[in-house]
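This report refers to the structure that appears directly beneath it.
Just so it is clear, none of the values below were taken in a lab; they were calculated from the coordinates. For clarity, every value in this text was computed on a predicted model and none was experimentally measured. Cβ: placed from backbone, ideal geometry, glycine included. Neighbour counts: every protein chain shown.
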Amino acid sequence: QALIGRELANSQVIVVSNREPYIHERDESGEITVRRPASGLVTALEPITRACGGVWIAHGSGSADRDVVDSRDRVAVPPEDPSYKLRRVWLTEAEEEGYYYRFANEGLWPLCHIAFVRPKFRREDWEYYKAVNARFADAVVAEAAGPSPIVLVQDYHFALLPRLIRQRLPEATIVTFWHIPWPNSEVFSICPWREEILDGLLGSSILGFHTRFYCNNFIDTVDRFMESHIDRELSTVSTGREATLVDDYPISIEWPPEALAGASSVEVARQTVRERLGIGADVKLGVGVERFDYTKGIPDRLRAVGILFERHPEWIGRFTFVQVAAPTRNKLEAYQGIRSESEQAAEEINSRFARNGWRPIELLIRHHEPAEVMELFRAADLCVVTSLHDGMNLVAKEFVAARDDERGVLVLSTFAGASRELLEALLVNPYDNDGMAEAIDRALKMSEAEQRGRMRMMRELVRDNNVYRWAGSMLLEAARMRRRRAIRKRM
Ligand code: F6P
């Protein structure tokens, strides 16, 4: 944290993402409330932006967002202790529909995730995507205090933004992070505007992915579709102008998470959560926490819980699985389908196995604030993260961070980037329901000593490779690039 502050002492940092870190809503009584969205990106970026100060530019999406901004569409955040400015960009309904729902989430999202959902690409959505990227470029230029800010561009909503910024602020240091997987070149070639997207991203000084595998996929894609010079040893790509460093930076969380401050003891959390959910004190608890997204593998996971009771009936009445699912991207058909499929799976399993007031599955479809999620993690005996495909998955790391008692077992998909780091989790194939059921059984039977050994290793890793290291390594590289450029200029 101190290192980041020192290196960037004289630089302006501008963060750009679609999702805003604080959403102002007006409730039924007319009161304005502030909500933290369910977003891995926000979880990771927020502590960094607090440490750097500067400006965060994002789409204003809350019902009271306009009521709290100044004449430049800015509001100081975090509300309880302001340390940076949030600048909101207002999108029309048509822009939000075309750029966010359709091009980004019906096109790029399924294109980059292996979940067997067909990507949809339509010319009119592409036009909105281009127009909204240009609007965010305007906002970056308007916020830039000088010719060379450090701009942190986040995610697949803004593939064109790095090049647009580079054209108008050639001296800027642009650090882009792609928070989702990058597919192989054959899959990526489905996108009719693949060259434009690659060229847009190559406006970056640094382009980061979670894993080396995604970097290699990206470099292979450039190699196949662009006239370029690739230095595989330095991991740089250039198309004639300045080279872009393409490197892996596994994202992480704040250590310890802010939401853990003031948390009650594990014993109290166990009791409180069980009482709230009407679960007996001696019943083991499993949790899953995510947005209701088809990449997260929720229906398969619920079916695995059903198979567990079938194969290991000794758990009937002795294990409950709580699935928190935050509604997300509801307008899209693929998301409506996943909700009804999950509800149906939960109902089937509950009607088959429930007895004497005990239910095997609790499906809680609502947004949970970070402190509530932490309490659930601390109350649980195991956490199941079985994404079909996931860039990183920070829920896995949050569960580990929540367990300062060194207890609890993580069941983790091999298709989540986090599985490359959290090797002491029980790693599972999310398409193999029988295998997942056996892993849950194994987790439930795991000795305290084994839990402690595994949890301790994972906690050390998340503590050392925390989000400050993630941002720090990118920002230090950016600072190095700036120094090199200054030396070159003087020569
Ligand atoms: O984790 C991938 C991601 O796209 C984040 O980058 C994003 O914040 C999160 O999913 C939530 O999605 P949305 O912002 O569309 O609700």
Q.
Between 0 and 90 degrees, rounded to the nearest ten: what's the tilt of helix 448-464 against the longest Cα principal axis of the chain?
A. 10 degrees
Q) Taking +1 at the Cβ of each Lys and Arg and -1 at the Cβ of each Asp and Glu, which of S387, S351, A325 sits farthest along the dipole of region 256-394 towards its positive end, judged by Cα position relative to the Cα centre? A) S351
Q. How large is the dipole of region 437-483 about the Cα centre if only Lys and Arg carry +1 and Asp and Glu carry -1, each at its Cβ, rounded to the nearest 20 debye?
A. 380 debye
Q | Inter-part distance where region 192-225 and region 21-42 are each reduced to a Cα centre, Å | A | 34 Å
Q) Ranked by Cβ crowding within 10 angstrom, fewest neighbours first, how are F399, F321 ordered? A) F321, F399
(Q) Let me test this: with uniform point scatterers at the alpha carbons of the chain, what is the Debye-based log₁₀ I(q)/I(0) at q = 0.06 1/Å? (A) -0.27
Q | Which of K489, K85 has the fewest Cβ neighbours within 10 Å, and the rest in rising order | A | K489, K85
Q.
With only alpha-carbon atoms in the gyration tensor, what are the semi-axes of the equivalent ellipsoid for region 182-338, in Å, largest first?
A. 45, 21, 15
Q: Using a Förster distance of 41 angstrom, determine the FRET efficiency expected from the C-beta separation of S29 and R168, and round it to 0.05.
A: 0.40
Q. Looking at A443, F188, F209, which one has the Cα that reaches farthest to the positive end of the dipole of the chain (charges on Cβ: Lys, Arg +1; Asp, Glu -1)?
A. F209
Q) With charges only on Cβ, +1 for K and R and -1 for D and E, what is the dipole size of the chain about its Cα centre, in debye, rounded to 20? A) 1160 debye
Q) Given labels modelled 7 Å from the Cα in the Cβ direction, how far is it in nm from A134 to E242? A) 2.4 nm
Q.
Using amide H atoms built in the peptide plane, which far-off residues or other-chain residues are under 5 Å from L426 H to H?
A. L410, V411, L412
Q: Counting helices only, and only those DSSP H runs with n ≥ 4, report the 222 nm mean residue ellipticity of the chain as the sum of -39,500 (n - 2.57) divided by its residues, in deg cm²/dmol to the nearest 500.
A: -12500 deg cm²/dmol
Q) Which loop-located trypsin sites (Lys or Arg not before Pro) does region 323-384 contain, where loop means any DSSP state but H, G, I, E or B and the Cβ has at most 15 other Cβ atoms within 10 Å? A) K331, R366
Q) Looking at region 335-491 from every direction and averaging, what is the projected area of its Cα convex hull in nm²? A) 13.2 nm²
**Q.** Residue exposure sequence - S264, S235, S447 - by fewest surrounding Cβ within 10 Å
**A.** S447, S264, S235
Q. Which angle between 0 and 90 degrees, to the nearest 10, do you get for helix 123-143 versus the longest principal axis of the chain when only C-alpha atoms count?
A. 70 degrees
